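Worksheet for the structure shown next.
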Amino acid sequence: HLRLKVVPKSTEGPLIVNEGSPSNSGRPVERTAPARGLLLATDPYLARRSPLFVAAVAFTLVVVILVADVFTGPDIGPSLFYLLPVALVGWRCGRVVRLTTAMFAAVAWTSSQLLLDEYDSFFVASFNVAARFAVLCLVAELLARLRALLQAQRDLANEAMRSADQLRDLNEMK
């Protein structure tokens, strides 16, 4: 009779314990499930950090990306890079930090283009800030909701495991 337990583990991913496999004579065998995605891989590390630390890292990343964007010039599109700090705070921080980081990233992105004289009109620059802000906010909010849904799924799975264990224990008492 085969029993698997998924035990939360703080490093690479959940620990899967195989209890009672015929191939191992009933001894527990542990293996680590691979982490999926950058945000899921960094989640245990970020969970130990305060939201203020995560926000500071995100703002520092925006400044670094801004400097790199100015030095690389208009030939390299920085859109994916500005998504990184927004995704970081979207995954770990509250709404105010998410919105502030999205605005800071949108203004930094447009500022780099202003420094490179890419705009002829203030209206175009203003429109680009608003459009970028909207897209970055959308990404941050979607990631926050995704994280909340994943946590709810984990909680339900853990509750189902506890219930299954209790039922298994009751069945063994017969």
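Observations on the structure shown:
- Identity of the residue in segment 66-83, under 30 Å from ARG48 (Cβ atoms) and without any contact (Cβ under 8 Å) to a residue 12 or more places away in the chain, that ends up most open to solvent (accessible area, probe 1.4 Å): LEU80
- Some residue of segment 88-101 being over 25 Å from THR60 (Cβ atoms), of a type in the set (Phe, Trp, Tyr) and without any contact (Cβ under 8 Å) to a residue 60 or more places away in the chain: no
- Condition met for LEU136 (in contact with a Pro (Cβ under 6 Å, 6 or more places away or on another chain), touching a residue at least 24 places away in the same chain (Cβ under 8 Å) and open to solvent by less than 60 Å² (accessible area, probe 1.4 Å)): no
- Residue within segment 104-125 that is in a helix (DSSP H, G or I), touching a Cys at 6+ places or on another chain (Cβ under 7 Å) and modelled with pLDDT of 90 or more present: no
- Restricting segment 44-55 to residues that are assigned to a helix (DSSP H, G or I) and in contact with a Ser or Thr (Cβ under 9 Å, 6 or more places away or on another chain), the residue that is least open to solvent (accessible area, probe 1.4 Å): ALA55
- A single entry from ALA58, ALA41 fulfils the requirement of being in contact (Cβ under 8 Å) with a residue 40 or more places away in the chain, assigned to a helix (DSSP H, G or I) and under 20 Å from the mean Cα position of the chain (by Cα): ALA58.
- Where a residue in segment 144-164 is open to solvent by less than 60 Å² (accessible area, probe 1.4 Å) and its partner, wherever it lies, is of a type in the set (Val, Ile, Thr) and assigned to a helix (DSSP H, G or I), with Cβ under 6 Å and at least six apart: none
- Selection of segment 125-166 for residues being farther than 17 Å from SER79 by Cβ and among the hydrophobic types (A, V, I, L, M, F, W, C) yields ALA144, LEU146, ALA148, LEU149, LEU150, ALA152, LEU156, ALA157, ALA160, MET161, ALA164.
- Under the condition of being aliphatic (A, V, I, L, M), crowded, with 23+ Cβ neighbours inside 10 Å and more than 18 Å from ASP69 (Cβ to Cβ), the residues counted in segment 84-128 number 1.
The values are calculated or read from the model by the stated rules, or taken from the named source; none is laboratory data. Note that the structure is a prediction, hence the values are computed from the model and not measured. Cβ: placed from backbone, ideal geometry, glycine included. Neighbour counts: every protein chain shown. These area figures cover heavy atoms from the full protein model, side chains too; ligands, DNA and RNA do not enter into them. Shrake-Rupley method; radii C 1.70, N 1.55, O 1.52, S 1.80 Å.
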